1. Checking the condition part of a helix (DSSP H, G or I) and more than 11 Å from Pro87 (Cβ to Cβ), which residue from Lys265, Lys297, Lys293 passes?
2. Starting from the stretch 160-171, keep only residues that are in a loop (DSSP other than H, G, I, E, B), then list their pairs with residues that are open to solvent by less than 20 Å² (accessible area, probe 1.4 Å) whose Cβ atoms are within a distance under 9 Å, requiring at least 6 positions of separation or different chains.
3. Taking the stretch 328-350, which residues are of a type outside the set (Ser, Thr, Tyr) and in a loop (DSSP other than H, G, I, E, B)?
4. Only one of these conditions is not met by Ala170: (1) among the small types (Gly, Ala, Ser); (2) under 27 Å from Val204 (Cα atoms); (3) buried (at least 24 other Cβ atoms within 10 Å of the Cβ). Which number is it?
5. Within the set of pairs 6+ apart or on separate chains, which have a first residue in the stretch 200-226 that is assigned to a strand (DSSP E or B), a second that is among the aromatic types (Phe, Trp, Tyr) and modelled with pLDDT of 95 or more, and C-beta atoms under 6 Å apart?
6. Would you tally the residues in the stretch 98-129 being of a type in the set (A, V, I, L, M) and within 19 Å of Pro344 (Cα to Cα)?
7. Suppose the filter is surrounded by 24 or more Cβ atoms within 10 Å (Cβ to Cβ), within 28 Å of Leu221 (Cα to Cα), of a type in the set (Gly, Ala, Ser) and touching a strand residue (DSSP E or B) at 6+ places or on another chain (Cβ under 9 Å); does Ala190 pass it?
Amino acid sequence: MSDPSSQSPYNQQSSTRIVAGQSAAPKRPLGLKVGIAVGILALIGGGAAVASAVTSGGPAAVKEAVPAANTAAELKLGYFGNVTHAPALVGVSQGYIAEELGGTSLSTQVFNAGPAAIEALNAGAIDATYIGPNPAINSFVKSGGESVNIIAGAAAGGAQLVVKPEISSAADLKGKTLASPQLGGTQDVALRAWLASQGYKTNVDGSGDVAINPTENAQTLKLFQDGKLDGAWLPEPWASRLVLTAGAKVLVDERDLWDGSLSGKPSEFPTTILIVNQKFAAEHPETVKALLKGHVKSIEWLNNAADADKASVINAALKESAGAELKAEVIDRSLKNIVFTVDPLAGTYEKLLADGVAAGTTKQADINGIFDLAALNGVTGEKTSAAGLGKE
């Protein structure tokens with residue numbers, strides 16, 4: 001397996017759309033056989049720009065099923081090219097989601113970070129997305145509780161503050177420059193909250209005791225290698241890439257900051273969740289249920305597959321959506337840091353909101369109603385808790 005260089009397509013901010021679901025029983029292991037056509041979708045909001053490359057697939061002679069009255073003709077789904085989004089990578093590449101959608105076609109769009117995905121969701125470019133919790137909270141707050149619902153968890157853990165080897169403690173960070181994937185994203189808020197707990201002041205304009213420079217993940221790697229960044233709070237596989245290929249060391253493993261008192265699960269914190277546009281969910285409940293069925297299958301596969309199979313499938317999906325694979329050691333280290341779960345760990349969200357308020361990326365608000373886990377619990381037959389913040 002090759003580790004992409006800074007010129008690789010994996011290291012360029014882009015979005016990939018894959019249209020699938022034209023067959024009710026996609027083939028595996030990759031299931032989606034695509035021909036390629038390229039298009040550009042510009043979404044400008046909050047400084048986010050999203051480029052989209054469009055591909056479509058499926059045999060031309062396949063007879064499509066006619067969607068039921070309350071199912072959508074198409075589901076537009078977003079996710080990131082990160083190992084923390086493996087449930088999406090597996091669900092799309094293995095055909096689990098498309099198979100459950102039946103006659104509803106599936107198109108996907110790949111993002112670098114949560115705020116850009118939220119912009120796409122609000123613009124109607126996507127209907128649902130895998131995302132970190134803080135952008136979802138921010139969207140819910142800004143809309144007065146009318147934009148999105150969290151319908152499932154996807155991944156817990158898998159985020160670290162990695163720094164130059166000479167930095168040995170928080171005291172060494174004064175005057176340094178750190179990166180996060182995007183202003184207001186989950187890792188950005190986590191970094192600002194942790195720095196505040198260490199007595200540092202940070203500002204959203206990059207000023208303060210420690211400068212935070214929100215930077216696209218691939219550029220963070222290159223800037224760190226060039227000595228222009230002192231560290232970054234990153235999701236997997238980017239934390240592992242900086243450690244294993246750029247000589248960084250772990251200063252903070254975020255799982256050490258969560259004792260389980262809020263969720264009942266020590267060392268687990270929400271990194272990736274699945275959200276849906278509320279209007280879309282109200283109009284197409286059966287489509288949302290089908291999405292959740294495929295999502296649950298993906299997580300079951302991830303939790304039961306052999307390590308080598310997981311690495312192989314995820315790497316193939318990364319190559320399909322982002323253009324390049326990861327080194328075996330990078331993906332192996334990444335997977336060791338992540339728990340794949342349908343539980344969004346709802347008990348942590350009041351703290352996540354408070355952290356966003358303290359970071360200056362959101363405002364204090366009532367987030368009751370942010371969760372709608374009723375469909376998930378119907379699919380799994382279990383009761384995943386909304387911690388009093390919505391339906392279950």
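The values are calculated or read from the model by the stated rules, or taken from the named source; none is laboratory data. This structure is a prediction, so every number in the text was calculated from the model and none was measured. All Cβ positions, even for glycine, are placed from backbone atoms using ideal geometry, and neighbour counts span all protein chains on display. In case anyone asks, the SASA skips ligands and DNA or RNA and just uses the protein heavy atoms, side chains included. Shrake-Rupley method; radii C 1.70, N 1.55, O 1.52, S 1.80 Å.
1. Answer to the check: Lys293.
2. Lys164/Phe224; Lys164/Leu229; Lys164/Gly231; Lys164/Ala248; Pro165/Ala248; Ile167/Leu173; Ile167/Gly231
3. Let us first name the residues in the stretch 328-350 that are of a type outside the set (Ser, Thr, Tyr), namely 328-333, 335-340, 342-347, 350.
Once the filter is applied, which keeps residues that are of a type outside the set (Ser, Thr, Tyr) and in a loop (DSSP other than H, G, I, E, B), the stretch 328-350 yields Asn337, Val342, Asp343, Pro344, Leu345.
4. All conditions are met except number (3).
5. Close Cβ pairs satisfying both conditions: none exist.
6. First, pick out the residues of the stretch 98-129 that are of a type in the set (A, V, I, L, M): 98, 101, 106, 110, 113, 116-118, 120-121, 123, 125-126, 128.
After this cut, where a residue has to be within 19 Å of Pro344 (Cα to Cα) as well, the list is 113, 117-118, 128.
Total satisfying the criteria: 4.
7. yes
Residue-wise test of (1) open to solvent by 20 Å² or more (accessible area, probe 1.4 Å); (2) of a type in the set (Gly, Ala, Ser); (3) modelled with pLDDT of 50 or more; (4) part of a loop (DSSP other than H, G, I, E, B).
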position: Pro67; (1), (2), (3), (4): yes, no, no, yes
position: Ala72; (1), (2), (3), (4): no, yes, yes, yes
position: Gly78; (1), (2), (3), (4): no, yes, yes, no
position: Ile97; (1), (2), (3), (4): no, no, yes, no
position: Pro115; (1), (2), (3), (4): yes, no, yes, no
